[in-house]
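One structure is given here, and the rest of the page talks about it.
The values are calculated or read from the model by the stated rules, or taken from the named source; none is laboratory data. Remember, it's a predicted structure, so these values are computed and weren't measured experimentally. All Cβ positions, glycine included, derive from the backbone under ideal geometry; neighbour counts span all protein chains shown. We work out accessible area using only protein heavy atoms, side chains counted, and drop any ligands, DNA or RNA first. Shrake-Rupley method; radii C 1.70, N 1.55, O 1.52, S 1.80 Å.
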Amino acid sequence: MDTSNPMTDNVLKKTKFKARLIALSIMLALILILSLIKRIEWVAEYVFARGISRAYAYVIGNVTSILPISVFEIFIYAAIITGIVFIVLIIKNLIKKRWIKLASSSLTVTIIVISVLLLYTVTASMNYYRAPVVLDMYDGGVDSDDYLSIGEYFLNDFNNLAASFERDEDNNIISPYTDRELAKIMREEFARLESSYYNSYVPLAKPILLSKFLSVNSLMGISFAPTAEPNINKDMPVCQKPFTMAHEIAHSLGVMRENEANLIASYITLTSKNDLIRYSGYLDTFYQIPSMIYWGVGSDAYSSFYEEFSPLIGIDRGICTEFWGSYSSFMNKISSFFNDIYLKLQGVDEGTGSYSGSYNYDIIDTGEINDEGQPVFEIVFSDVQKLYLLIYFDNLI
Ligand SMILES: [Zn+2]
């Protein structure tokens with residue numbers, strides 16, 4: 001016998017619906033409040049980056065790092081399936097004109113989406129507004145006679161490394177590590193970042209199983225703060241993996257701005273004692289050295305410096321260009337467009353232009369002429385050039 005009373009059922013449903021509406025309103029209000037207070041640097045730095053977001057990353061990172069597969073990846077599949085189920089439900093309810101059911105399931109999905117957005121705001125978005133990264137930099141000048149010695153010093157290392165790796169018949173570097181092993185080595189490398197600016201817990205970087213989706217969108221990696229996971233494209237060339245891992249781990253340690261994540265990745269890779277990791281750093285940043293020679297010494301010195309490069313370096317660059325070039329540039333433009341919007345929504349005015357921030361240098365024409373009758377330029381070094389100079393003058397490698 002059915003003892004339920006339809007009147008009581010309706011009241012109960014209405015109360016539940018109301019409660020969910022209130023919960024949704026509270027969450028939206030919280031997001032609004034957070035987006036206002038994140039502009040106060042002290043709040044972003046000490047309440048979130050070094051407080052709530054750090055504690056969250058510690059707890060969740062410890063859990064997700066146990067799993068060899070990416071929880072973020074599972075989350076994406078679950079979101080896709082939920083989306084499909086939701087669309088089917090909408091169509092069904094629309095056809096059958098079940099308006100209350102339609103409103104109820106729409107509310108449920110909205111609550112799920114807003115919950116994730118709130119969690120993302122707390123764990124990641126706030127960190128875009130924190131104080132600048134803390135990293136030692138060279139802040140002196142360079143004698144024009146020194147540029148070539150500096151260049152030779154690094155190029156020697158770069159050339160030797162290129163020749164030191166085991167390669168297959170197509171000259172692809174054979175990685176001595178699995179992705180998991182590399183992630184563990186990278187975790188130790190990050191222990192060298194001693195400042196309390198960074199989260200002390202370093203999560204393990206994870207390979208995305210269906211990395212093809214990343215490759216198609218020209219994505220090397222994705223860091224997702226709600227699961228405290230740095231994820232990388234497992235299919236990309238071996239020599240790009242360490243730098244990418246370092247970049248994504250930097251995000252997981254609270255460095256959300258792209259230029260700063262690149263700077264931290266440059267520091268970790270270029271000062272590493274590990275050959276593959278250091279080589280990956282050079283491949284990504286070495287072009288900063290010839291630029292210094294060009295402006296600091298002259299175009300002839302620049303051209304002869306390029307002649308000293310090992311052909312293997314050119315081969316490795318070619319392998320990377322070929323890999324990424326094999327995917328459609330149309331999809332690349334679409335993903336770059338959305339990334340640009342995402343970054344601007346996070347308060348980064350330059351959008352995707354911010355990736356190059358740490359590599360930008362400036363040239364000042366001093367108006368002087370040297371002994372060879374050439375104009376003398378002063379270089380306002382980029383952050384990565386300052387890093388190279390620090391490594392050279394402080395003998396960091
Ligand atoms: Zn990034």
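Structure data summary
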| read-out | value |
| --- | --- |
| Cβ-Cβ FRET estimate between K273 and W99, R0 fixed at 56 Å, reported to 0.05 | 0.25 |
| Computed FRET value (nearest 0.05) for E181 with R20, which takes r as the C-beta separation and R₀ as 51 Å | 0.65 |
| Candidate lysines - alpha carbon under 30 Å from K97, same-chain residues fewer than 8 apart omitted | K13, K14, K16, K18 |
| Chain lengthening between D300 and I37 when straightened (0.36 nm per residue, less Cα-Cα) | 89.4 nm |
| Gain upon complete extension [N360, T321; 0.36 nm per residue less C-alpha separation] | 11.8 nm |
| Area of K97 that stays accessible when all protein chains are in place (1.4 Å probe, Å², to 10) | 140 Å² |
| FRET efficiency for I84 and E372, using Cβ-Cβ distance with R0 set to 56 Å, rounded to 0.05 | 0.20 |
| Euclidean distance of C-alpha centroids, the range 331-379 and the range 137-152, integer Å | 21 Å |
| Solvent-free Debye scattering, log10 I(q)/I(0), computed from the Cα coordinates of the range 6-129 at q = 0.15 Å⁻¹ | -0.90 |
| DSSP-defined beta bridges in the chain - what % are antiparallel, rounded to 5 | 75 percent |
| Where only alpha carbons of the chain are counted, the Rg and the Dmax (Å) | 25.6, 106 |
| Sorted peptide list for 376-386, 338-348, 247-257, 27-37, criterion being average Cβ within 10 angstrom, highest first | 247-257, 376-386, 338-348, 27-37 |
| Average accessible area per residue (Å²) across the chain - probe 1.4 Å, nucleic acids and ligands excluded | 52 Å² |
| Protein accessible area in the chain, 1.4 Å probe - carbon and sulfur % | 62 percent |
| Cα gyration tensor shape for the range 314-380, rounded if a/c is under 1.5, else prolate or oblate | oblate |
| Added length on full extension, which subtracts the Cα-Cα distance from 0.36 nm per residue, E307 to V11 | 98.4 nm |
| Relative packing of 320-333, 216-229, 259-272, which averages over residues the other C-beta atoms within 10 Å, highest first | 259-272, 216-229, 320-333 |
| Rg(Cα) / (2.2 N^0.38 Å) computed for the range 281-397, rounded to two decimals | 1.35 |
| Surrounding net charge for S65, when Lys and Arg each add one and Asp and Glu each subtract one, Cβ distance under 12 Å | +3 |
| Solvent-accessible surface ranking, highest first, for T8, T285 at 1.4 angstrom | T8, T285 |
| Pairwise Lys count, the range 144-393 - Cα closer than 15 Å, eight or more residues apart or different chains | 6 |
